[in-house]
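The structure under discussion appears below in the form of structure tokens.
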Amino acid sequence: MNRLENSLKALRWIAMAIPFILLFGFQKKEQRIHLKQPGTIKTIVIDAGHGGKDPGCHGSSAHEKNVCLAMALELGRKIKESYPEIKVIFTRDKDVFVELDDRAKIANKANADLFICIHANSASPSAYGTETYVLGLHKTDAQAKIADRENSTIYLEADKGEKYKDFDMSPDAIIARQLQLSVFLDQSIIFADKLQDEFKAIGRYNRGVKQAGFLVLYKTTMPSVLIETGFLTNKDEEKFLADEDGQKKMAGAMFTAFEKYKAGLEGVDYKTRGNQEEVVDKAPIEKKDLNDKVVFRVQIETSETRISANSSRFKKHEVFEYQQDKLYKYTVGEFAGDFTAANNYKNELRQKEFPNAFVVAFQNGERISLEKAIKLAEK
């Protein structure tokens, strides 16, 4: 995890030096990235790997496409049941073949806030455990082989992978793509880390959070992870993943990780959901009119009920309160027209007190998108 974090720090430094050129463009016009505001999760896309004529890897009897679909459907069911306001989209909900490019298009078209790709692994009979991938450069030959195996699905597509012929997956291209998606990559790693923690909590061996050049992650434009749930070539893991109880345990771990990720992203305590804070007399800071100027702030907390401005949750910081999506949201700092300063402050807060802090933007007291704010600030 430390190596991943160090790599990201270097990437973020480079990204800040490039005045957002990469953030707003890509190889093709139709693949332009639209920056979404971190906060309440409204749409999730769950992708069950392989399907139809593509069985994926297999053990003595279990096939990857089947165990992945079972876990995907169970995860989706749990999210829908607990969070009916969240839209859950499956790239497939039955045994059909879906092209890799189409899986990413489904997520991008839905403007999803999170993409969860579920797979199973294969190697020697002795290999075991779970690992979760984010987009990046592989560190070992084993990671490269996994990416190659999952990417090989393209050769089962109607054009035998012809549309990917000129697709650039070189190290330079992947680094450039990481820079483009740096606003999402932090969140991908946070979610991946929580997934691995929850798999470990149910007794699975934690193989860690890793990076590799998966096509499906390359093409999605939101926080995205690819989960290798276990090795079907290991007879014990095959038995576990092919069993309904094992599938429910894995989906349950994914769901708990999602809940913790969602709570952290929204600045809400995972256990209390922000509902147990007593409000006292001291009022939050009022909104300021800064004469049409764009103001960047750093959001640190979200709650379903109002939090006292002198709450210990703010760790003595002076806060600015605003409401959105029926939630109370709290920010610190005030940077008129200066995204770089706000982003630096966010990084400082993440290291010290608020690991899930993120930058938001306002104009005349109303929140606007970061994309719009950055463009206005540059004028």
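The values are calculated or read from the model by the stated rules, or taken from the named source; none is laboratory data. The shown structure was predicted, so the numbers you read here are calculated from the model rather than taken from an experiment. So basically every Cβ, Gly included, is an ideal-geometry build from the backbone, and we count neighbours across all protein chains shown. Side chains included, ligands, DNA and RNA excluded: accessible areas come from the protein's heavy atoms. Shrake-Rupley method; radii C 1.70, N 1.55, O 1.52, S 1.80 Å.
At-a-glance table
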quantity: Output for the stretch 108-131, where each listed residue is open to solvent by less than 10 Å² (accessible area, probe 1.4 Å) and in a loop (DSSP other than H, G, I, E, B); calculated: Ala112, Gly129
quantity: Residue list for the stretch 327-370, restricted to those being farther than 23 Å from Ile190 by Cα and touching a His at 6+ places or on another chain (Cβ under 9 Å); calculated: Gly333
quantity: Count of the stretch 345-379 residues which are outside any helix (DSSP H, G or I) and surrounded by 14 or more Cβ atoms within 10 Å (Cβ to Cβ); calculated: 14
quantity: Enumeration of residues in the stretch 84-105 that are more than 16 Å from the chain's Cα centre (by Cα) and of a type in the set (A, V, I, L, M); calculated: Val96, Val98, Leu100
quantity: Every residue from the stretch 228-242 that is closer than 22 Å to Ala192 by Cβ and in contact with a Leu (Cβ under 8 Å, 6 or more places away or on another chain); calculated: Thr229, Gly230, Leu232, Leu241
quantity: Considering residues of the stretch 323-344 that are more than 24 Å from Glu378 (Cβ to Cβ) and aromatic (Phe, Trp, Tyr) only, the residue least open to solvent (accessible area, probe 1.4 Å); calculated: Tyr330
quantity: Test: residue in the stretch 319-331 that is at pLDDT 85 or above, among the aliphatic types (A, V, I, L, M), farther than 20 Å from Ile41 by Cβ and in a loop (DSSP other than H, G, I, E, B); calculated: yes
quantity: Members of the stretch 95-107 that are open to solvent by 10 Å² or more (accessible area, probe 1.4 Å) and hydrophobic (A, V, I, L, M, F, W, C); calculated: Val96, Phe97, Val98, Leu100, Ile106
quantity: Residue match in the stretch 273-296 (condition: out of contact with any strand residue (DSSP E or B) (no Cβ under 8 Å at 6 or more places or on another chain), of a type in the set (Val, Ile, Thr), in a loop (DSSP other than H, G, I, E, B) and at pLDDT below 90); calculated: yes
quantity: Test: residue in the stretch 52-70 that is hydrophobic (A, V, I, L, M, F, W, C), at pLDDT 55 or above and part of a strand (DSSP E or B); calculated: no
quantity: Members of the stretch 193-249 that are open to solvent by 50 Å² or more (accessible area, probe 1.4 Å) and under 27 Å from Asp113 (Cβ atoms); calculated: Asp193, Lys194, Asp197, Lys200, Ala201, Ile202, Asn206, Arg207, Lys248, Lys249
quantity: Positions within the stretch 42-83 being among the basic types (Lys, Arg), surrounded by 18 or more Cβ atoms within 10 Å (Cβ to Cβ) and either over 20 Å from the mean Cα position of the chain (by Cα) or closer than 23 Å to Asn234 by Cβ (or both), in sequence order; calculated: Lys65
quantity: Yes/no for Lys94 being closer than 27 Å to Phe231 by Cβ and out of contact with any His (no Cβ under 9 Å at 6 or more places or on another chain); calculated: yes
quantity: When residues of the stretch 187-236 are limited to those that are assigned to a loop (DSSP other than H, G, I, E, B) and among the hydrophobic types (A, V, I, L, M, F, W, C), the one modelled with the lowest pLDDT; calculated: Phe214
quantity: Per-region count, the stretch 306-318, residues part of a loop (DSSP other than H, G, I, E, B) and open to solvent by less than 50 Å² (accessible area, probe 1.4 Å); calculated: 5
